[in-house]
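Worksheet: one structure, shown below.
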Amino acid sequence: MTDPSPAGWSATERPGPPARTVTITDLLRIPLHRIRLVGGIAAAGLLAALTFVLLAPSAVTANAVVAVRPVVTDAFTPTGSSPDRAVNMNVESGIATGTDVVGRIATANGQSPRDVRNALEVEIPTGGQILRFVYRAPSVEEAVEMVNLAAQSYLDVRREMYEKQRTEMLRAYDENISNVTSQQRALQRRIDNAEGRVSDATVSELSGINNQLGQLNSARSEIAAVDVNPGWVTQTAEPALASRDGNRMLFLVAGLLGGTLVGVVVAYAWESMDRRVRSVTDGREVTGLPLLGTVRRRRVPPGRGQPVDADVRYVAMAIAAQVRPPARVAVLTAREDPTTTTAGLAVALAADGRPVFVADDSGRSGRLRDAVLAGRSRLPLDRPGATIDGSAVQGRSPVALGRPGTVPKPRPGGTATSGSVPVAGASGAVPVPAANPTTGPAAGRRPSPYPVGARPSSDPEATVTLPRVSSKRDGEYGRTVDAEDIAVGSGTVRIGTARQGVGQPLVLYNAPPAESDERGVALARQGTAVVVVERDRTRQADLRRLVERLRAAGVTPLGFVLTRNGHG
């Protein structure tokens, strides 16, 4: 019986990817699968924040409050809608951070005006005529001194500006008064020279000049009496009220959260460029092949991290149901190593009585043999070929296994009068002459120090022991096992090259990665193939390319096997 002839896939036979809804789990799966990348970037952000906290000097903030008052002619006049009662706080803020104030602070502490502007901040509360000065400095003393100096410098600069305006106004009034006084004197001299012939117009003119002069003097007096104080410092900065900027732990938390956010974004960007197979659905969408099974890994010792043997046996059952001897099955991967999966499948198939030939042409025979022996040691004890601590249990009595069982009843030595009894030798069961009844039972004889057949006998009727060379009896079924075979259950596993596997009933080819070697696809053309997909490691582009190459070569794979990463 042979495998069905492979046929190429038509465009209509390959099912299209089914439409499915993207859920929150799908969104969270990518950062979780890229957890090392996300964790690395988050750690970098935390390290950057920690470096800033340790190396950057902590800034101390001090505050001073100035109440701004309007400059009015009569401070006791009730407040009205007169424009002299309003203060433009935007203008006052500009003066507080202007060149004059910054220059005085820079001169006092020896810093540059740019550094002073960066350290000084003026806040204007909504709906109030208040200026809050905020100054940041490395030390408490400097912050307190500079913020108080900034508040006082603002008041001094604003007072100087008001005094300058008042001086200019008084000078203008003095000039007008001087001109009006000159006119008054000239008119008075003309009246005095008239000697009683003064007209009414002249008198009226003199009266108007006097009134004008009086108004000017009154206005000048009001201007001179104006209080040009721009305000007061209602709250001075003190060392006890100074505070340090923020909490150092907040910087660390911000660095960690910021690094995590950047890591998640980078993970999504990386995933868009390097798509991996994350689930069975991804494998079906990329390959269009049926699933033969999933192979999990052990999470608890012993054998933690190793494939679950039951999963491998389920995959072996799926393969055995689709192939008939002679069969050629190539175990293919894109870039990964399928040695563990190949050895597990060989053990599972051989345990049911099949002679399995594992072919490998890539120098991995030693690893295959170790994996097969390890798999054989994990077979259940109730199956032929199982082992305990590496020792085969097939053909051993229940007593030797430490399990309750039936103990063979000893045969009386006097009943055997002739013939031979079997004695276990190095090469199997060898008949030896039975004990003479006259000399006693064989069990009572002292054993010879020489092994059986090591010393020639002079008795012509003695049984001659001949060693076996080509094969030996192994297993409770007494089957013949070649010296190169590995007995597994009721079957055997032989490891060799693909050329040596010609004529074998079942060949598993441990193919090299298909991206670098085409021998796996070439051997699959002689039979069929099983595509092994490692979750979170196999790239979708590589897997899609492998399936397309199989299609182009006319190979119809049995399906694909999804394994956990690191256990191809």
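Could we say that Arg499 is open to solvent by 20 Å² or more (accessible area, probe 1.4 Å), touching a Gly at 6+ places or on another chain (Cβ under 9 Å) and assigned by the TED database to the domain that holds Ile319 here? Don't jump to the end; show me each part of the working.
Numbers: open to solvent by 20 Å² or more (accessible area, probe 1.4 Å): yes; touching a Gly at 6+ places or on another chain (Cβ under 9 Å): no; assigned by the TED database to the domain that holds Ile319: yes.
Criteria not met by Arg499.
Residues that are surrounded by fewer than 22 Cβ atoms within 10 Å (Cβ to Cβ) and not in a helix (DSSP H, G or I) were ranked within the stretch 529-561; the one that is modelled with the lowest pLDDT is Asp536.
Could you tell me whether any residue of the stretch 207-219 is assigned to a helix (DSSP H, G or I), among the hydroxyl-bearing types (Ser, Thr, Tyr) and outside the structural domain of Leu28 (by the TED database)? Lay out the reasoning, then the answer.
Let us first name the residues in the stretch 207-219 that are assigned to a helix (DSSP H, G or I), namely 207-219.
Those left that are additionally among the hydroxyl-bearing types (Ser, Thr, Tyr): 207, 218.
Of the ones still in play, those that are also outside the structural domain of Leu28 (by the TED database) are 207, 218.
Checked the stretch 207-219: at least one residue is assigned to a helix (DSSP H, G or I), among the hydroxyl-bearing types (Ser, Thr, Tyr) and outside the structural domain of Leu28 (by the TED database).
Checking the structure you have, find out if any residue of the stretch 192-199 is touching a Leu at 6+ places or on another chain (Cβ under 6 Å), open to solvent by less than 50 Å² (accessible area, probe 1.4 Å), outside any loop (DSSP other than H, G, I, E, B) and assigned by the TED database to the domain that holds Val140. Before you say what the answer is, go through the steps one by one.
Kept after step one, since they are touching a Leu at 6+ places or on another chain (Cβ under 6 Å), are these residues of the stretch 192-199: none.
Scanning the stretch 192-199 turns up no residue that is touching a Leu at 6+ places or on another chain (Cβ under 6 Å), open to solvent by less than 50 Å² (accessible area, probe 1.4 Å), outside any loop (DSSP other than H, G, I, E, B) and assigned by the TED database to the domain that holds Val140.
Each row is one residue, and each column tells you yes or no for (1) farther than 16 Å from Gly231 by Cβ; (2) touching a helix residue (DSSP H, G or I) at 6+ places or on another chain (Cβ under 7 Å); (3) not basic (Lys, Arg).
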{"position": "Ala137", "(1), (2), (3)": "yes, yes, yes"}
{"position": "Ala143", "(1), (2), (3)": "yes, no, yes"}
{"position": "Asn148", "(1), (2), (3)": "no, no, yes"}
{"position": "Glu168", "(1), (2), (3)": "yes, no, yes"}
{"position": "Arg171", "(1), (2), (3)": "yes, no, no"}
{"position": "Asn176", "(1), (2), (3)": "yes, yes, yes"}
{"position": "Thr181", "(1), (2), (3)": "yes, yes, yes"}
{"position": "Leu187", "(1), (2), (3)": "yes, yes, yes"}
{"position": "Asn193", "(1), (2), (3)": "yes, no, yes"}
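More than 19 Å from Leu558 (Cβ to Cβ), at pLDDT below 80 and out of contact with any strand residue (DSSP E or B) (no Cβ under 8 Å at 6 or more places or on another chain), is that true of Ala374? Taking the combined requirement at face value, the residue does not satisfy it. I'm checking my understanding of the structure. Among residues of the stretch 66-77 that are out of contact with any helix residue (DSSP H, G or I) (no Cβ under 8 Å at 6 or more places or on another chain) and of a type in the set (A, V, I, L, M, F, W, C), which one is modelled with the highest pLDDT? Out of the qualifying residues, it is Ala67. List the pairs whose first member sits in the stretch 91-103 and is more than 14 Å from Gln129 (Cα to Cα) and among the hydroxyl-bearing types (Ser, Thr, Tyr), whose second member is in a helix (DSSP H, G or I) and open to solvent by less than 50 Å² (accessible area, probe 1.4 Å), and whose Cβ atoms are under 8 Å apart, counting only residues at least 6 apart or on separate chains? Every condition considered, no pair remains.
Every condition in (1) of a type outside the set (Val, Ile, Thr); (2) open to solvent by 80 Å² or more (accessible area, probe 1.4 Å); (3) within 30 Å of Arg544 (Cβ to Cβ) holds for Leu292 except the one numbered (2). Look at Thr281 and say whether it is among the polar types (S, T, N, Q) and either buried (at least 17 other Cβ atoms within 10 Å of the Cβ) or over 27 Å from the mean Cα position of the chain (by Cα) (or both). No, not satisfied. Among the residues of the stretch 107-134, those that are assigned to a helix (DSSP H, G or I) and surrounded by 17 or more Cβ atoms within 10 Å (Cβ to Cβ) comprise Val116, Ala119. In the stretch 145-166, the qualifying residues are those that are among the aliphatic types (A, V, I, L, M) and either at pLDDT below 90 or open to solvent by 10 Å² or more (accessible area, probe 1.4 Å) (or both), and the one that is nearest to Trp232 (Cα to Cα) is Leu149. Count, please, the residues in the stretch 260-280 that happen to be in contact with a Pro (Cβ under 7 Å, 6 or more places away or on another chain) and of a type in the set (Gly, Ala, Ser). Adding up the residues that qualify gives 1.
Within the stretch 288-378, considering only helices (runs of 4 or more DSSP H) that don't extend past its boundaries, which have at least 1 residues that are over 31 Å from the mean Cα position of the chain (by Cα) and without any contact (Cβ under 8 Å) to a residue 12 or more places away in the chain?
Details: elements: 309-320, 339-350, 365-377.
Output list reads 309-320, 365-377.
Being at pLDDT below 90, under 44 Å from the mean Cα position of the chain (by Cα) and closer than 30 Å to Ala254 by Cβ is a property that Leu120 lacks.
Just name the residue that is farthest from the chain's Cα centre (by Cα) out of those in the stretch 507-535 that are of a type in the set (S, T, N, Q) and within 25 Å of Asp485 (Cβ to Cβ).
The initial filter retains those residues of the stretch 507-535 that are of a type in the set (S, T, N, Q), namely 510, 516, 526, 528.
Restricting the remaining residues to those that are within 25 Å of Asp485 (Cβ to Cβ) gives 510, 526, 528.
Values: Asn510: 33, Gln526: 44, Thr528: 39 Å.
The selected residue is Gln526.
The values are calculated or read from the model by the stated rules, or taken from the named source; none is laboratory data. Just so we're clear, the structure is a prediction, and the values are computed from it rather than from any experiment. We place every Cβ from the backbone using ideal geometry, glycine too, and count neighbours over all the protein chains shown. For the accessible areas, the whole protein counts, side chains as well, though only heavy atoms, and no ligand, DNA or RNA atoms are used. Shrake-Rupley method; radii C 1.70, N 1.55, O 1.52, S 1.80 Å.
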